[in-house]
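Engineer: This structure is in structure tokens; I'll ask about it shortly.
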Amino acid sequence: MSNPEIADVEEHWPVEDSVEVYDGGGWVVRVRADRVRRPGHPAERPFTRVVVEHPGAAVVLAVDDEDRALCLWQYRHPVGRRLVQLPAGLLDVPGEEPAEVARRELREEAGLEASEWTHLATMLSSPGLTEERAHYFLARGLTDVGRGDFELEHEEAEMEVGWVPLDELRDAVLCGAVADAHVAIAVLTAQARGLTSS
């Protein structure tokens with residue numbers, strides 16, 4: 001038996017029909033149900049896969065001169081927990097690049113701008129359920145610029161913002177105290193690539 005190349009490959013299986021299950025209700029996320037066929041097996045019955053349509057997101061690991069990461073403590077209703085997270089936002093403006101979204105979210109959620117930006121990775125958040133891609137960035141050379149006239153609302157209005165030493169944040173991820181996948185991916189990728197001193 002030979003192993004395939006270790007790389008994702010684009011592939012599209014035939015979709016017999018698709019039904020919109022949820023139109024987003026004014027939000028950017030939609031849900032559809034696709035009836036999919038396995039290629040080369042026309043006699044098999046199609047099977048249903050539910051897909052959450054998602055525009056994608058940008059996530060920012062903002063690190064200051066003391067090697068501390070900017071963290072947000074924010075309530076997340078689906079999991080019923082206040083999570084330690086990083087500044088992040090949806091790619092919900094047509095034509096806006098992920099790096100632009102990262103800059104916007106860092107300013108809106110933390111009142112900061114960065115002079116140095118490094119793209120860390122682009123990952124599929126939960127490919128069995130959604131097409132969402134998350135784009136991860138390391139931001140350095142931070143300056144406090146304020147939020148301007150942007151006002152936080154809903155869960156964001158209750159979030160707390162603070163600085164956590166990167167090594168402590170990494171240890172919290174590794175012991176399971178911090179369970180947000182975006183935090184883990186950003187911190188561990190930056191460390192593995194030698195972009196942080198921790």
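The values are calculated or read from the model by the stated rules, or taken from the named source; none is laboratory data. All values reported here derive from a predicted model rather than from experimental measurement. Counting neighbours? That spans all protein chains shown, and the Cβs are built from the backbone with ideal geometry, glycine included.
Engineer: Determine the pairs where a residue that is under 18 Å from Leu120 (Cβ atoms) and hydrophobic (A, V, I, L, M, F, W, C), located within the stretch 167-185, has a partner that is at pLDDT 95 or above and part of a loop (DSSP other than H, G, I, E, B) with Cβ atoms under 6 Å apart, the partner being 6 or more residues away or on another chain.
Structural biologist: Val183/Leu86
Engineer: So which of Val51, Val101, Val63 is closer than 30 Å to Val36 by Cβ and among the aliphatic types (A, V, I, L, M)?
Structural biologist: Result: Val51 is the single residue among Val51, Val101, Val63 that is closer than 30 Å to Val36 by Cβ and among the aliphatic types (A, V, I, L, M).
Residue-wise test of (1) over 28 Å from the mean Cα position of the chain (by Cα); (2) of a type in the set (A, V, I, L, M, F, W, C).
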{"site": "Ile6", "(1), (2)": "no, yes"}
{"site": "Pro14", "(1), (2)": "yes, no"}
{"site": "Glu20", "(1), (2)": "no, no"}
{"site": "Val36", "(1), (2)": "no, yes"}
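Engineer: Only one of these conditions is not met by Glu108: (1) surrounded by 13 or more Cβ atoms within 10 Å (Cβ to Cβ); (2) at pLDDT below 95; (3) part of a loop (DSSP other than H, G, I, E, B). Which number is it?
Structural biologist: Condition (3) is where Glu108 drops out.
Engineer: The conditions are (1) assigned to a loop (DSSP other than H, G, I, E, B); (2) outside the structural domain of Val173 (by TED's automatic domain parsing); (3) in contact with a Pro (Cβ under 8 Å, 6 or more places away or on another chain), and Arg38 fails exactly one of them. Which is it?
Structural biologist: (3)
Engineer: With respect to Val51, is the statement that it is surrounded by 14 or more Cβ atoms within 10 Å (Cβ to Cβ) and aliphatic (A, V, I, L, M) true? Full working, then the answer.
Structural biologist: Details: surrounded by 14 or more Cβ atoms within 10 Å (Cβ to Cβ): yes; aliphatic (A, V, I, L, M): yes.
It is true that Val51 is surrounded by 14 or more Cβ atoms within 10 Å (Cβ to Cβ) and aliphatic (A, V, I, L, M).
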